[in-house]
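Working notes, beginning with the structure itself.
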Amino acid sequence: MVCAAVAGAALAAALRLPLGAAALAGAALGAAAVGLELAVALRREPRSAARVRPPDAAKLLDTSAIIDGRIADVVTTGYLEGPLLVPRFVLRELQRLADGADPLRRNRGKRGFEILKRLQDLRSVEIVDADVPGAADVDAKLVELARQRGSRVVTTDYNLNRVAELSGVSVLNVNDLANALKPVVLPGESLRVQVLREGKEPGQGVGFLEDGTMVVVEQGRRLLGQEVPVVVTSALQTSAGRMVFARLRGDDEARDA
């Protein structure tokens, strides 16, 4: 701005203009200089921002999420964006399970391949040859590969979930999604629950809602095997899922009386 003022004074002297005109000329030149600087800065901004690599929208599927199978249902609904990637080392782990001697592990491996076939039919999965030679096991390879790519890991494995989060890798846990979508049960709401087993505390009975939510019924132990009306007293969200605490509806009415 000072240089612009000096230039304006020189211009006014050369043209034999009054001092006021010199000030106006200097101000005009200063404003033009500031405008030019802003234009240059704005033109440079997109170029520097373009050099920043955005996170990969792809998601790496863990063995547990494939075997679980619910990921295929989520894909069918259309709520999951971006491609699903399955590294070759995850396929090899499924193959080891399917070829194992233990019948349970063998069935889990076969189910995993069935789910992958379903995802391929939906054109929602891609097999990638990427590997991480320095990693010791499949979980470590998956976390490191996701970190390198800036991708997320899809899993149902709690331990892998924790390791990935500690490593700075975003995780999509299918169990967390399932728990979030369970119907909300509010205190004072009436339910009908079949008492299936004893609770941990004296007199407690335990039942389950259709979505698998555990319901702990106060003084429900004496009603094992029966379907009883209960009133919700509180609900608790844990890492293992949601728990609902309730008391028998008849007992609730007696207390109110």
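Of note:
- Base-10 log of normalised Debye intensity for the stretch 51-178 (one unit scatterer per alpha-carbon) at q = 0.16, 0.20 Å⁻¹: -0.76, -1.20
- For Val217, solvent-accessible area (1.4 Å; no DNA, RNA or ligand), Å²: 0
- Efficiency of FRET from Cβ geometry, Leu236 and Arg96, R₀ 41 Å, rounded to 0.05: 0.60
- Karplus-derived HN-Hα couplings along the stretch 125-141 (A = 6.51, B = -1.76, C = 1.60, θ = phi - 60°), whole Hz, x at Gly and Pro: 9, 9, 8, 10, 8, 4, 9, 10, x, x, 7, 7, 10, 5, 4, 5, 4
- Principal semi-axes in Å for the stretch 177-222 [√(5λ), Cα gyration tensor, largest first]: 21, 12, 9
- Contact order normalised by residue count of the stretch 126-257, Cα under 8 Å, 6+ apart, percent: 17
- Taking only the C-alpha atoms of the stretch 145-250, the Rg (one decimal) and the largest Cα-Cα distance, Dmax (whole number), read 17.8, 59 Å.
- Amide hydrogen neighbours beyond the local backbone of Val215, cut-off 5 Å, H modeled: Gly207, Phe208, Leu209, Val244
- Solvent-accessible area per residue, Å², over the stretch 100-186 with all protein chains present [probe radius 1.4 Å]: 61
- Under a 5 Å amide H cut-off, with hydrogens placed 1.01 Å from N, Arg152 pairs with Leu60 among residues at least 5 apart or on other chains.
- Largest to smallest in accessible area, the residues Ile71, Ile127 fall in the order Ile127, Ile71 (1.4 Å probe, all protein chains included).
The values are calculated or read from the model by the stated rules, or taken from the named source; none is laboratory data. Just so you know, these numbers come straight off a predicted model, no measurement behind them. Note: ideal-geometry Cβ built from the backbone for every residue, glycine included; neighbour counts use all protein chains shown. The accessibility values were calculated without ligands, DNA or RNA, using every heavy atom of the protein model including side chains. Shrake-Rupley method; radii C 1.70, N 1.55, O 1.52, S 1.80 Å.
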